[in-house]
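Reading through the structure tokens given below for one structure.
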Amino acid sequence: MQLSRNRIEVMHGVNLGELGRRDPEVYGDLTYVQLERRITEFGRELGLETRFFQTNHEGEFVERLHKLEGLADGIVLNPGAWTHYSWAIHDALELSGLPAVEVHLSDVDRREEWRRLSVIRDLCLARVAGQGVEGYRAALERLREELER
Ligand code: DQA
């Protein structure tokens, strides 16, 4: 089915631009650019148009969320370490009013205790963690389901 709303903002936070240099045992060996390419392909297969944003500055992440109204129909976000403590990102995500899915490359529930808390969890349709790049496909599928309704 062709979707009338198909614009997905894929947002990455702090340190995710350094993929490829981060521990490959935990995060896989794709660089950030390669990750973007894979996600673009997943989107295409699902009839979704993906646009990317990555920053190491929390305020920029927040401001991007502020501007999404009318520019995107859904959000896939991996805020990196901000996931675990940024109530500012929580509030900005809430303000966006868009359906969102949280993704983590690594299995955050099986790592350090502090990674178990996600402050954005209550605002997301789903959370995908520990599936590496494939997790983004699952996230896009979940958003597609939502946008079909
Ligand atoms: C991460 C998990 C976070 O705990 C960590 O701080 C990251 C990446 C992930 O994708 O597995 O930077 O979000």
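Odds and ends about this structure:
- Residue 20 fulfils the conditions (1) away from the ligand (no atom under 13 Å from the Cβ); (2) of a type outside the set (D, E, K, R); (3) open to solvent by less than 70 Å² (accessible area, probe 1.4 Å); (4) assigned to a helix (DSSP H, G or I) except for a single criterion, (4).
- Pairs meeting the criteria (first residue in the range 65-84 and on the phi > 0 side of the Ramachandran plot and of a type outside the set (Lys, Arg), second residue open to solvent by less than 10 Å² (accessible area, probe 1.4 Å) and assigned to a strand (DSSP E or B), beta carbons under 8 Å, at least 6 apart or on different chains) are 80/12.
- Of all the residues in the range 23-42, those that are within 10 Å of the ligand (Cβ to nearest atom) and either over 15 Å from residue 134 (Cβ atoms) or among the β-branched types (Val, Ile, Thr) (or both) number 1.
- In the condition set (1) open to solvent by 40 Å² or more (accessible area, probe 1.4 Å); (2) within 11 Å of the ligand (Cβ to nearest atom), residue 88 is compliant with all but (2).
- Meets criteria (closer than 22 Å to residue 119 by Cβ and not small (Gly, Ala, Ser)) for residue 32: no
- Scan of the range 48-75 for residues that are in a loop (DSSP other than H, G, I, E, B) and open to solvent by less than 40 Å² (accessible area, probe 1.4 Å), ordered by number: 48, 55, 68, 72, 73
The values are calculated or read from the model by the stated rules, or taken from the named source; none is laboratory data. As the structure is a computational prediction, the values presented were derived from the model and not from experiment. Glycine gets a Cβ as well: all are built from the backbone with ideal geometry, and neighbour counts include every protein chain shown. We work out accessible area using only protein heavy atoms, side chains counted, and drop any ligands, DNA or RNA first. Shrake-Rupley method; radii C 1.70, N 1.55, O 1.52, S 1.80 Å.
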